[in-house]
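Everything below concerns the one structure shown next.
The values are calculated or read from the model by the stated rules, or taken from the named source; none is laboratory data. This structure is a prediction, so every number in the text was calculated from the model and none was measured. Here the Cβ positions follow ideal geometry from the backbone for every residue, glycine too, while neighbour counts run over all protein chains shown. Protein only, heavy atoms only, side chains kept; ligands, DNA and RNA dropped before computing areas. Shrake-Rupley method; radii C 1.70, N 1.55, O 1.52, S 1.80 Å.
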Amino acid sequence: MKVVATEKAPKALGPYSQGYVHNGIFYSAGQIPINPEVDAVEAETIEEQTEQVCKNLGEVLKAAGTSFDKVLKTTCFLADMGDFAAFNEVYAKYFTSKPARSCVAVKTLPKGVKCEVELIAAVEE
């Protein structure tokens, strides 16, 4: 197993890694909209937060040796299902290959953010 870590995405908030590659598959931790340059959540709207989450995911994908077009599955967590359409607008710009997906509403997310996304992607070895 290979630990994936990059300073271009937020550091883990607890005892976990940004992700792992195992047998040609990358498993990411959930990404929330922390701007890694300032180590804080700056984005306020669901659109801004989704954009930051996707940028963070792009960096961990790159660190794992893969990309958005190799994503097999995402799991999306929303603090408010009323944000579903706006979330999808931004999400669709990044996940153009339309990977399998689950999207659920949760009571709360770390740091009170509006969304979190984790993913599984193929890695060319």
**Message:** Using the Kirkwood radius over C-alpha pairs as Rh, can you work out the diffusion coefficient of segment 1-70 via Stokes-Einstein at 10 °C, viscosity 1.306 mPa s, in µm² per second?
**Reply:** 129
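Under 12 Å from the Cβ of F77, count the other residues' Cβ atoms, weight Lys and Arg +1, Asp and Glu -1, and hand me the total. Working shown, then result.
Numbers: positive: R101, K107, K114; negative: D80, D83, E116, E118.
Taking every Cβ under 12 Å from that of F77, the sum is -1.
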**Message:** Nearest 10 degrees is fine. How inclined is helix 46-64 to the longest principal axis of the chain, computing both from alpha carbons?
**Reply:** 10
**Item:** Extension gain, K2 back to M81 (0.36 nm per residue minus Cα-Cα distance, nm)
**Value:** 25.0 nm
**Request:** Using only alpha carbon pairs under 8 Å that are at least six residues apart, calculate the relative contact order of the chain and give it in whole percent.
**Result:** 32
**Message:** Projecting each Cα onto the charge dipole of segment 37-125 (Lys/Arg +1, Asp/Glu -1 at the beta carbon, about the Cα centre), which of T66, G112, T45 comes out farthest on the positive side?
**Reply:** T66
**Prompt:** Between segment 1-65 and segment 90-125, what is the C-alpha centre distance in whole Å?
**Reply:** 11
**Request:** Compare E89, E37, E47 by solvent-accessible area with a 1.4 Å probe and give them largest first, with all protein chains kept in place.
**Result:** E37, E89, E47
**Message:** Test of the criteria: in segment 2-88, which trypsin sites (Lys or Arg not before Pro) are in a DSSP loop and have at most 12 other Cβ atoms within 10 angstrom of their Cβ?
**Reply:** K11
**Message:** For q values of 0.18 Å⁻¹, compute log₁₀ I(q)/I(0) with the Debye formula on a Cα-only model of the chain, without solvent.
**Reply:** -0.90
**Cβ-placed point charges (K, R +1; D, E -1), dipole of the chain about Cα centre in debye, nearest 20** = 440
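Would you kindly state how much longer the chain becomes between N35 and K111 on full extension, computed as 0.36 nm times their sequence separation minus their alpha carbon distance, in nm to one decimal?
On the way: separation 76, 0.36 × 76 = 27.36 nm, distance 1.26 nm.
Fully extending the segment from N35 to K111 adds 26.1 nm.
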**Request:** In a Gaussian network model over the chain where Cα atoms closer than 10 Å are linked, find which of A85, A63, A29 has the largest mean-square fluctuation.
**Result:** A85
**Prompt:** With contacts defined as alpha carbon pairs under 8 Å and 6 or more residues apart, what's the relative contact order of segment 59-101 in percent?
**Reply:** 55
**Message:** With a 1.4 Å probe and all protein chains kept in place, how much accessible area does L13 have, in Å² rounded to the nearest 10?
**Reply:** 90
**Prompt:** I120: accessible area at probe 1.4 Å, nearest 10 Å²?
**Reply:** 60
